[in-house]
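The values are calculated or read from the model by the stated rules, or taken from the named source; none is laboratory data. Please read all numbers here as calculations on a predicted model, not as lab measurements. Note: ideal-geometry Cβ built from the backbone for every residue, glycine included; neighbour counts use all protein chains shown.
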Amino acid sequence: MTNDTDIAALIGSRICHDLVNPLSAISNGVELLELSGAAQTPEMALIADSVAAAMARVKLFRLAFGPSDCAQTKSRSEVITLLNDISKSGRLSFDWQIAQDLNRGEVRLLILAALCIETATPLGAEIVFRQTVSGFDIDGKGRKIAIDPALWSFEGKSLSAAQVQFALLPRVAQSLNRTVIYTATDTELTVAV
């Protein structure tokens, strides 16, 4: 029988999958307009940029909130491309310093940690992913770190949809036999998994 976490992951994956099709259609439409010789207007550029940002975010959410088959590998270049696409439209930049490919479960864990860091960096941040002897460090460096102790307790009580990563991170870590530890200063937040 499928457990609640698996069902939630399948729902997340289904929603992301279903959103990709209309976003792809919009992207293809913009591309066809460009190929037809239509003038590149600020409005068309805005549509193209918005669709690209939405597609990148949906792919990130599918990876973070979808099922994670640890037998499936995510290539280093695929992860870097996704993070670069996310960086283009937001207040975050990413530096993936992990040299090898990882399994999908490990990538999911690291992305969930980055999503947790994102909530604590209202003014933006650079998020660096590094492999350590015992696991991984995800460092967020920004002008201001704002920790909400209720969220960072990882107890999952009274979370909004925008905070669901705080409920999933410890569960995914446990499924990979890892623990989640964080340390924070006024300008830096490190999550070790």
Residue list for the stretch 106-134, filter: buried (at least 19 other Cβ atoms within 10 Å of the Cβ) and more than 13 Å from the chain's Cα centre (by Cα): A120, T121, A125
Can you pull out the residues in the stretch 35-55 that are modelled with pLDDT under 80 and surrounded by 11 or more Cβ atoms within 10 Å (Cβ to Cβ)? A38
Based on what the data block shows, is L46 farther than 25 Å from G140 by Cβ, assigned to a helix (DSSP H, G or I) and under 19 Å from the mean Cα position of the chain (by Cα)? no
Given (1) modelled with pLDDT under 90; (2) in contact with a helix residue (DSSP H, G or I) (Cβ under 7 Å, 6 or more places away or on another chain); (3) among the hydroxyl-bearing types (S, T, Y), index of the condition S93 fails: (1)
Kindly list the number of the only condition in (1) out of contact with any Lys or Arg (no Cβ under 9 Å at 6 or more places or on another chain); (2) closer than 23 Å to R62 by Cα that fails for I147. (2)
Return the residues of the stretch 72-93 that are among the hydrophobic types (A, V, I, L, M, F, W, C) and either farther than 18 Å from R62 by Cα or exposed (fewer than 14 other Cβ atoms within 10 Å of the Cβ) (or both); say none if nothing qualifies. L92
Failed item, numbered, when T185 is tested on (1) more than 13 Å from A120 (Cβ to Cβ); (2) exposed (fewer than 11 other Cβ atoms within 10 Å of the Cβ): (1)
Farther than 19 Å from W96 by Cα and either free of Cβ contacts under 8 Å to residues at least 60 places away in the same chain or of a type in the set (F, W, Y) (or both), is that true of F61? no
